[in-house]
Amino acid sequence: MGERIQKMISASGLMSRRAAEEAIASGRVTVNGRAALLGERAEPDDEILVDGKALPRQREKHYILLNKPRGTVTTLRDEKGRRNVSELVRLPGVRLYPVGRLDMDSEGLLLMTDDGDFANRVMHPSHEVDKTYLTWVRGEGLDAAAQALGRPMTVDGYTVRPAAVVIRERFEDGGLLEITIHEGRNRQVRKMCAQAGLKVTRLVRIAEGGLRLADLKSGSWRHLTPEEVHMLMHGQERE
């Protein structure tokens with residue numbers, strides 16, 4: 001079936017997808033010696049030329065799973081001088097971007113990549129990549145609060161789907177909940193818990209879209225396997 005030519009040009013790093021579309025429309029792109037058509041697809045072994053020159057060799061893409069420590073901000077630089085996630089994952093010559101966010105006080109699984117298509121696929125609300133958190137809370141009525149979290153709630157004017165909630169432990173002044181959400185809006189778990197009468201004291205993301213944090217130490221990272229990348233891109237859950 002192949003891939004759209006403008007996407008292949010953009011993936012090569014030569015120009016943006018919009019610029020590639022303009023180049024195709026103006027007749028500057030050929031495929032196997034003939035003028036390319038906007039929206040046309042090509043195979044990896046087809047000869048694609050832009051202004052008579054072959055596309056740059058497609059750069060290697062990187063997919064990282066980081067166990068973000070508490071107190072680290074999910075940005076590439078911080079105006080307040082706080083430690084950010086780019087200081088934890090360093091690959092020579094590679095500029096990685098966080099896929100979504102974890103607020104400074106939260107910790108756990110955070111994806112980083114230099115592949116924009118991958119990031120958009122994982123973050124787009126329509127793809128509903130589930131995220132699971134271990135959530136330490138204070139408050140009374142743990143069972144009633146868990147039931148409230150399992151019903152639709154309005155967060156920042158947006159109705160979020162019911163969370164899946166498991167009470168893992170009970171404490172004298174609260175408990176440990178395992179909460180799975182489907183949207184991942186800004187500080188969503190904290191805001192949902194507040195509506196249910198609970199105060200979050202610690203929040204750790206342990207799973208996202210079939211990936212699990214497992215025993216990865218805080219501040220450590222690893223590369224995703226090709227199978228994990230494919231699973232996230234195509235919505236396949238791990239067995």
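The values are calculated or read from the model by the stated rules, or taken from the named source; none is laboratory data. These numbers come from a predicted model, not from an experiment. Cβ coordinates were reconstructed from backbone atoms using ideal geometry, including for glycine residues, and neighbour counts include every protein chain displayed.
Descriptive notes on the structure:
- Matching residues in region 132-164 - criterion: being buried (at least 18 other Cβ atoms within 10 Å of the Cβ), over 15 Å from G197 (Cα atoms) and either modelled with pLDDT of 95 or more or of a type in the set (S, T, Y) (or both): T132, Y133, L134, A163
- Note on region 183-210: residues that are more than 24 Å from T159 (Cβ to Cβ) and buried (at least 19 other Cβ atoms within 10 Å of the Cβ) amount to 1.
- Only residues that are out of contact with any Ser or Thr (no Cβ under 6 Å at 6 or more places or on another chain) and free of Cβ contacts under 8 Å to residues at least 24 places away in the same chain were counted in region 118-130, giving 3.
- Of all residues in region 131-154, one or more are charged (D, E, K, R), in contact (Cβ under 8 Å) with a residue 60 or more places away in the chain, in contact with a strand residue (DSSP E or B) (Cβ under 7 Å, 6 or more places away or on another chain) and farther than 20 Å from L65 by Cα.
- Unique match (being of a type in the set (V, I, T) and loosely packed, with under 14 Cβ neighbours inside 10 Å) among T180, T225: T225
- Members of region 152-172 found to be assigned to a loop (DSSP other than H, G, I, E, B) and more than 19 Å from L134 (Cα to Cα), listed by number: P152, D156, G157
- Members of region 176-225 found to be modelled with pLDDT under 95 and among the small types (G, A, S), listed by number: G184, G209, G210, A214
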